[in-house]
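Take a look at the structure below.
Just so it is clear, none of the values below were taken in a lab; they were calculated from the coordinates. Since we're looking at a predicted model, the values are computed, not measured. Quick reminder, even Gly has a Cβ in these numbers, built from the backbone with ideal geometry, and neighbours come from all protein chains shown.
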Amino acid sequence: MIKSLTTSREVLLFAAIAVLLGLIATRFPGFVAPSNLADVFNDTSPLILLAIGQMIVILTKCIDLSVAANLALTGMVVAMINVAMPGVPVAVILVIAVGLGTLLGMINGLLVWKLDIPPIVVTLGTMTIFRGIIFLLSDGKWVNSHEMSATFKAFPRAEFLGLPVLSWTAILAVIVFTIVMTRTTLGRAFYAVGGNAHAATYTGINVGKTQFWAFTISGALAGLTGYLWVSRYAVAYVDIASGFELDVVAACVIGGVSIAGGLGSIGGALLGALFLGVIKNALPVINISPFWQLAISGSAIIIAVAVNARANREKGRIILKSAEQAA
Amino acid sequence: MTTPANAIPDRLQTPWESRLKSWEALLLLVAIAIFIANSFASPYFLNAWNLSDATFNFTEKAMIAFAMALLIISGEIDLSVAAIIALASTAMGAAVQAGAGTPVLILVGLGTGLLCGAFNGVLVTRMGLPSIVVTIGTMSLFRGISYIVLGDQAYRGYPSDFAFFGQGYVWWVISFEFVLFAIIAVIYFVILHKTNFGRSVYAIGNNPTGALFSGIRVNRVKFILFLLTGLMAGIAAICLTSRLGSTRPSIAFGWELEVVTMVVLGGVNILGGSGTIPGVVIAAFVIGLVTFGLGLLNVPGIVMSIVVGALLIGVIALPRLWSQWRQR
Amino acid sequence: MIRRKFIKAAGLGLATSLIGTGAMAQDDMRIALVVKALGIGFFEAAAKGAEEAAQELGGVEIIYTGPTDTTAEGQIEVINSLIAQGVDAIAISANDPDALVPALKKAMQRGITVISWDSGVAPEGRQMHLNPSSNPLIGNMIIKLAADHLPDGGEVAVLSASATATNQNIWIEEMNKVMGNYPGIEVVATVYGDDLADKSYREAQGLMQSHPDLDAIIAPTSVGIVAAAQAVEDAGKAGQINVTGLGLPSEMAGAIESGASKSFAIWNPIDLGYSAAMIAHALATEAATAEPGAAIPMGRMGSVTLDDTNSGAMADPFVYDSSNIDAFKSIF
Amino acid sequence: MLMHSQSQVPTAPEANTPPILSLDGITKTFPGVKALSEVALNLYPGQVTALVGENGAGKSTVVKILTGIYQPDGGAIRVDGHATQFPTARAASDAGITAIHQETVLFDDLSVAENIFIGHAPRGRFGLIDWAAMERRSNEILKSIGATIDPAQKLRDLGIASKHLVAIARALSIDARVVIMDEPTAALSHKEIQELYELVEKLKAQGKAILFISHKFDEIFHIADRYTVFRDGQFIGEGMIDQVNEGQLVKMMVGRDVDHIFPKRESHIGDEVLKVVGYDHPTEFAEISFDLKRGEILGFYGLVGAGRSEFMQSLFGITRPSKGVVRIDGRVRVIRSPADAVANGIVYVPEDRGKQGAITALPIFQNVTLPSLGKTSKNGFLRLAEEFKLAREYTERLDLRAASLDTNVGNLSGGNQQKVVIAKWLATQPRVIILDEPTKGIDIGSKAAVHEFMAELAAQGLAVIMVSSEIPEILGMSDRAIIMREGRIVAELDGDDLTPETLVRHAAGISQGATT
């Protein structure tokens, strides 16, 4: 279990982040101050949460392009509930957010499982449908800060042991899903299904059902993040987190999750998200025009996938080596 | 054993029979239904100029969709097409600042498209990387370069004759863009369905290993497909830039998914191996008609996207649901 | 009916762009109010104002429309469908000053009256432009709001909307012109939040990190100012960093209360929408002509006088602070 | 024809005990195909039952029904006499049925231990997977089958033979009463096969019922106690193995007397066509040099994993050699891709038909003309009439059977698919044809046809390279044989030197004495 957390790929990425932080520190030492790093982590938390879900989906050889739309829809729904009924406690809001997100994830999962539609088509479709539903629900109107209740907005910001709840949620998710992925049957089934669907069937694992659960988890995390996002930025509208799904996929790819399925870890997704988070937060601080950000993260994706491909290159059967040993 | 082998007929169905039962036929019915519904829903629909204006909603995307269809049939994908438009448009804008005339602008636009396509192609075919990830990366990279070059600025001041490509009319209501779209559709129809190259695209998409073992130069074909996709993005960049008369780095944002949607709606299997150009042409019209028809009713764009999203899932799900239901 | 409309439009397309379509007696005049994106509170309020104008004029139908995200391509599709419907006038707040010109030119050729308001279009793409207020006034106002609370000078930063938003850029330009009047005030950075709440929030956070001594954030955009106020509040710097600029009282009430913002300014968006509709109607009915020096009536808002680029200003911005916020926060 | 067991069989005193598992009247239909028609199968404790039949007889379908992958359309599955069902793979394994599959159905990116225990991993506190226990128990099982594999290793890093041992360990990790072995020795070396036999004896002693599927008769007669024969999805007969001989069994399998005689042919060996000098590859093979003449059939023999296919694919341009020269008609040719190879008249019929040989989703005629499109087209434009003409010409020569030439290859039987692949290459009019295990997994009838055809090709002056793991095939067809072991050529034999003993000795690296 420890082994799966610390493969060489993650060490490499960790080193890359450390080097990056070092470089930033030479230009702006304040960036690596613990309090600032905590801010960066807090800021990256939504990306971490979504990357965990996305990683599980990609692990099963699927992709979920609807996460950001799911987040936005769930966020809008809880925001509207809060406006309509400011008295609803945060605990109930959380349940609704996770529940609705789960439901939306299940819709994706069912279409993939029962109708065998390619995941990219399913989630491309639901992505636009979810966004459209937000528009229909809200009539295109924004839910603004002043309309939300104080407790609704306070939850992600509340500090506990010096860190905001938003950060704790990400940390908790990392821990929980590390255990799920390494120590439970379902977690291992995700790896099995993506690694070799044929073999998984022979092992008694239902491939479609496992993919369904992956989408469900991804949806649940997107729903949770939906509430956290909306309450943290204190605004909800149709286009929140627009295009964020690509950041999420990018975080996974940088974190060494193989798009071909079966390879990846929670640690990788976490580090991939942090890598993007550090870049995003550092650029304005070290006075590089924010217009560079897109090109940098694009290059990071290309480099990451090239490095991973090199590491995973199919090894030969090494017939000769054994010949030399025998000789 | 006694059956003589020469009893094998060439075909069991005539080409017309199989065409009638095809996806394209179904899609054509959908298109006709939408056309009729639109004519009833809005008094402004059946009007030559309005229909002509409506084509601008899809012609540029469809041009890319043809090349993308071939790429997807071959089992690859290019999500960087919209970013290539941005980069090609930026390059043209920079050329204008340097005093270039329209012919040079065309070359710059096409050249940038080809270069970007080649870059994708090299990463995918030479380094053996998965195209979906590579092109998510280059999608950020290409547009990122536009942002670095342009930042918060915009390029304008395109020569007046350059406006023809996006705003010109060839004859009466027939716009230059529409003519270009039609010509490109015919060219891609011939490439995919009438040439050896098209046959190898299908072979590769169905079984890349088998195609390689059959002596097809798989990587060369894929590389050419990436080049073509880049080239088409370059052509679309010329049209769009001409139509807008200016360049910003956010130009054509999000088009890659609309192009993929068009291709998939056209019956191209996202997993590769099957699909036709007529299907993509009809899908382009379906999307164009839906968005224009709803636009005439002042339905917000996002609601149209629900319709398109539902169409996308529905047209694939319904036949499967039907066959599942029949098996009961 | 369809044919008639078409012939009418095509025939008038030959005439000069300044000639309106002249509403048919039995038809309602249709004025399209095209906004940057649907759902933004500011524009919703403007739409209310336009409806008010329509009521007052009678026989006028307002089509309130726009894309769902702030792109020029989206607005072009909207404009194309408006042309197809043969509306009588388009009043647009543009996402891009240049990219919309060809589409709007086409509209004018088909005999549609085109004006821009709030965020303008290049002169060849419209008949006139209505600034909510005079640009120099706004430029001066936003820096004055910050400076008033910094008697000893200090560092301020600007959080703008998208980099291509014309109005934002002009205001910042005007602001820079009058910086000499405010000694000790230094603009340390200009960042862009693209009128997206989360991006604006992050940009504001970045400003606080990179400029620890920051005293004020000026956000001349209603989305940016709310996000910046939230970021300052979350950083526990309410009272230390003053967020000011242009915002809506309803959205900024919380920030005034928490002290994250001491004051801000805005013109009345209802008045703006009202005025835009009035002007569009006046031009479309040929009751007025858009030419330099002309005064175009705007109903209860008086009239606007056009300068040599055919643009004019509606009214002065109004300042809101803790003393008057409660009276306005429920209005817009 | 039915030969039921008698109690006097000495090796199985408990033969009268009821079967652990029995299939009764099982029927399974796929769209258009009746795969199984009311078949029966009985598996007894402590006995090995060999299931024999040609390809397409329904053996794999039975395995899939027994392991819960497929659901039968009719009939009963009985465990200890009680009718039951296996709706999922899980249900079958819970009933104590485990299988070692033909293809290794394992996970490359998971550890050895996890491959063994996936689906039934030992649990610790809170129901979480106990990795330490899993590795410990894996180690025990691996040791018990004589494998020295680190359970913490990733499966990807193992060779094929080791992977197979992991598959066996996986089957044993389930406390099974019924063990199904579907061609278990296909990928194993001589030594490993011996170990497998010992393992089977051990399982028998533990009272487990074993279903053993194999094409190798020597193996069947060595290990099995009973046999069951299927033909064309129907049950033909069952009985004790010592009451039949090879000929009877074959007759039951094919429904007629078959003496598989290799075609008599006279070799007309002509000039040298191909000369390979010093082909090296960093990991797969080294120092491969040989020549090949017109009209000659050159056999390549060796154990699985000897590097034969790897070399052939390199000769065909799939992989690049690090060193080496190919001469065709005496002139040096550079082959960087299969396209180059085809252009130089070298074609390759791969072993993996479905993946490498045919493009199963495309119609027959398109498969046949794929490498010859240059001939059937004009200026790069397709001419369908020409394509059909060419396809018809070559499929007729091979006596292909299909509904139409635009039928997808995937809808054909294995033998007919192989004919399409061969037709495809003949249409290019090659000079050298490489056939990699040309008759593997093909029914006996088609096998003979392929052999005859091969002889005919050689007679027409084509140079043939035949890679085969079957000694009779090498002996029966080759003019000359090259034996490879561990990536190198260890012997080149012809004439009287070409005997089963020499082949086995060189291939296994045994200095003297022979084993069978």
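What does the charge dipole of segment C:70-202 about its Cα centre add up to, to the nearest 20 debye, if the Cβ of each Lys and Arg holds +1 and the Cβ of each Asp and Glu holds -1?
For segment C:70-202, the charge dipole is close to 400 debye.
Would you mind working out the magnitude of the charge dipole of segment D:271-508 relative to its Cα centre, with +1 at each Lys and Arg C-beta and -1 at each Asp and Glu C-beta, to the nearest 20 Debye?
Its charge dipole is roughly 960 debye.
Cα to Cα, under 16 Å, and not fewer than 8 places away if on the same chain: which aspartates and glutamates meet these conditions relative to D:Lys28?
Leaving aside aspartates and glutamates fewer than 8 places away in the same chain, those within reach of D:Lys28 are D:Glu38, D:Asp73, D:Asp232.
When the distances between all Cα atoms of segment A:1-105 are binned every 10 Å from zero, what whole-number percent does each bin get?
Histogramming segment A:1-105 at 10 Å steps yields 12, 28, 28, 24, 8, 0 percent.
Quick one: among B:Ser18, B:Ser274, B:Ser52, which has the greatest mean-square fluctuation in a GNM of chain B with alpha-carbon springs under 10 angstrom?
B:Ser18
Pairs to check: D:Lys204/D:Lys251; C:Lys36/C:Lys262; A:Lys209/B:Lys194; B:Lys194/D:Lys59; D:Lys216/D:Lys424. Give those whose C-alpha atoms are more than 32 Å from each other in this structure.
A:Lys209/B:Lys194; B:Lys194/D:Lys59
When 1/r is averaged over all different Cα pairs and the result inverted, which Kirkwood radius in Å belongs to segment D:21-256?
Result for segment D:21-256 stands at 18.4 Å.
On a 31 Å Cα-Cα criterion, which of the cross-link pairs D:Lys275/D:Lys447; C:Lys144/C:Lys237; B:Lys222/D:Lys154; D:Lys191/D:Lys275 come out too long?
Over 31 Å Cα-Cα: B:Lys222/D:Lys154; D:Lys191/D:Lys275.
For the protein assembly as shown, build the charge dipole from Cβ charges (+1 Lys, Arg; -1 Asp, Glu) around the Cα centre, then report which of B:Ile270, D:Val450, C:Ile115 sits farthest towards its positive end.
D:Val450
I need the helices of chain B that pass two filters: whole DSSP H segments spanning 30 Å or more by Cα along the axis, and mean Kyte-Doolittle score no lower than -0.5.
Helices passing the filter in chain B: B:218-244, B:301-327.
Short version: ³J(HN,Hα) in whole Hz for each residue of segment D:427-433, in order, from phi by Karplus 6.51 cos²θ - 1.76 cosθ + 1.60 (θ = phi - 60°), x for Gly and Pro, what are they?
Values per residue, Gly and Pro as x: 4, 7, 6, x, 9, 10, 10 Hz.
Divide the volume of the convex hull of the Cα atoms of chain A by its number of residues and quote the answer in cubic angstrom per residue.
Convex hull of Cα atoms, per residue: 158 Å³.
What nm value, rounded to one decimal, do you get for the distance between A:Ala18 and A:Leu110 when each label is placed 7 Å out toward the C-beta?
Placing both labels 7 Å along Cα→Cβ, they lie 4.9 nm apart.
Could you tell me what fraction of 2.2 N^0.38 Å the Cα radius of gyration of segment A:138-265 comes to, as a two-decimal ratio?
The reported ratio for this selection is 1.30.
Considering every pair of different Cα atoms, what Kirkwood radius, in Å, is found for segment C:135-266?
Averaging 1/r across every pair of different Cα atoms and inverting gives 14.0 Å.
Can you give the mean number of other chain Cβ atoms that lie within 10 Å of the Cβ atoms in peptide C:81-88?
Per residue, the number of nearby Cβ atoms from other chains is 6 on average.
Could you give the nm distance between label points at C:Glu56 and D:Asp280, where each point is 7 Å from its Cα heading toward the beta carbon?
9.3
Arrange B:Arg19, C:Arg202, D:Arg265 by Cβ neighbour counts within 10 Å, fewest through most, would you?
B:Arg19, D:Arg265, C:Arg202
Looking only at other chains, what is the average number of their beta-carbon atoms within 10 angstrom of each beta-carbon in A:140-153?
Other-chain Cβ atoms within 10 Å of each residue's Cβ, averaged: 5.
Can you give the log10 of the normalised intensity I(q)/I(0) at q = 0.17, 0.26 Å⁻¹, computed with Debye over equal Cα scatterers of segment D:134-217?
-0.70, -1.52
Would you work out which of C:Ala47, B:Ala317, A:Trp292 lies farthest towards the positive end of the dipole of the protein assembly as shown, given +1 charges on the beta-carbon of Lys and Arg and -1 on that of Asp and Glu, about the Cα centre?
It is B:Ala317.
Taking the convex hull of the Cα atoms, report for segment D:271-508 its projected area averaged over all directions, in nm².
12.6
If R0 is 25 Å, what FRET efficiency do you get for D:Asp399 and D:Phe217 from their C-beta distance, rounded to 0.05?
Approximately 0.35, to the nearest 0.05.
Between C:Leu150 and D:Gln460, with labels modelled 7 Å along Cα→Cβ, what's the label distance in nm to one decimal, could you check?
9.0
Could you tell me the calculated FRET efficiency between D:Phe381 and A:Ala84, based on Cβ-Cβ distance and R0 = 60 angstrom, to the nearest 0.05?
With a Förster radius of 60 Å, E is 0.35.
Can you tell me the 0 to 90 degree angle between the C-alpha axis of helix C:249-258 and the longest principal axis of chain C, rounded to 10?
Helix C:249-258 sits at roughly 0 degrees to that axis.
Calculate the translational D of the protein assembly as shown in whole µm² s⁻¹ from Stokes-Einstein, where the hydrodynamic radius comes from the Kirkwood formula applied to all Cα pairs, the temperature is 10 °C and the viscosity 1.306 mPa s.
Once the numbers are plugged in, D ends up at 44 µm²/s.
Counting only helical runs of four or more DSSP H residues, what would the 222 nm mean residue ellipticity of chain A come to if each run contributes -39,500 (n - 2.57) and the total is spread over all its residues?
-24500 deg cm²/dmol
Taking the Cα centre of segment C:135-266 as origin and charging only Cβ (+1 Lys, Arg; -1 Asp, Glu), how large is the dipole, in debye to the nearest 20?
160
Taking a ≥ b ≥ c as the square roots of the eigenvalues of the Cα gyration tensor of segment A:198-288, is the shape rounded (a/c under 1.5), prolate (a/b larger than b/c) or oblate?
Note, shape of segment A:198-288 comes out oblate.
With chain B treated as a Gaussian network of Cα nodes joined by springs under 10 Å, which of B:Ile184, B:Ile136, B:Ile84 yields the largest mean-square fluctuation?
Ranking B:Ile184, B:Ile136, B:Ile84 by mean-square fluctuation puts B:Ile136 first.
Please build a GNM for chain A, connecting alpha carbons under 10 Å apart, and tell me which residue among A:Leu221, A:Leu270, A:Leu161 fluctuates the most.
Comparing A:Leu221, A:Leu270, A:Leu161 in a Gaussian network model of chain A, the most mobile one is A:Leu161.
Could you rank the peptides A:93-103, A:166-176, A:184-194, D:496-506 by their average count of other C-beta atoms within 10 Å per residue, with the highest value first?
Going by the mean number of other Cβ atoms within 10 Å, highest first, we get A:184-194, A:93-103, A:166-176, D:496-506.
Projected onto the charge dipole of segment D:21-256 (+1 at Lys/Arg Cβ, -1 at Asp/Glu Cβ, origin at the Cα centre), which of D:Gly127, D:Val63, D:Ile145 gives the Cα projection farthest towards the positive end?
D:Gly127
Please work out the FRET efficiency for the pair B:Gln327 and B:Ile32, using the Cβ-Cβ distance as r and a Förster radius of 25 Å; give the result to the nearest 0.05.
0.25
Taking Rh as the Kirkwood radius, which is the inverse of the mean 1/r over Cα pairs, what is the Rg/Rh value for segment D:151-280?
1.11
Highest mean first, what order results for A:19-28, C:240-249, C:38-47 on Cβ atoms within 10 Å?
Most protected by this proxy first, the peptides run C:240-249, C:38-47, A:19-28.
Quick one: grab Rg to one decimal and Dmax as a whole number for segment B:45-323, Cα atoms only, in Å.
Expressed in Å, the Cα Rg and Dmax of segment B:45-323 come to 18.6, 61.
I need the shape label for chain C. Rule: rounded when a/c is under 1.5, else prolate if a/b > b/c, else oblate, with a, b, c from the alpha carbon gyration tensor.
prolate
What is the angle, in °, between the Cα long axis of helix C:41-57 and the longest principal axis of the Cα atoms in chain C? Nearest 10 is fine, range 0 to 90.
Long axis of C:41-57 versus the principal axis of chain C: about 40 degrees.
Per residue, how big is the convex hull of segment D:446-516 when only Cα atoms are used? Give it in Å³.
Output value, Cα hull per residue: 98 Å³.
In peptide A:287-297, how many Cβ atoms from other protein chains are near each Cβ within 10 Å, on average?
6
Calculate, in whole percent, how much of the Cα-Cα pair population of segment C:226-268 lies beyond 16 Å.
22
If you fit an axis through the alpha-carbon atoms of helix A:293-312 and take the longest principal axis of the Cα set of chain A, what angle between them do you get, 0 to 90°, nearest 10?
Relative to chain A, helix A:293-312 is tipped by roughly 30 degrees.
Kirkwood Rh, chain D, all Cα pairs: how many Å?
After inverting the pairwise mean of 1/r, the radius is 24.9 Å.
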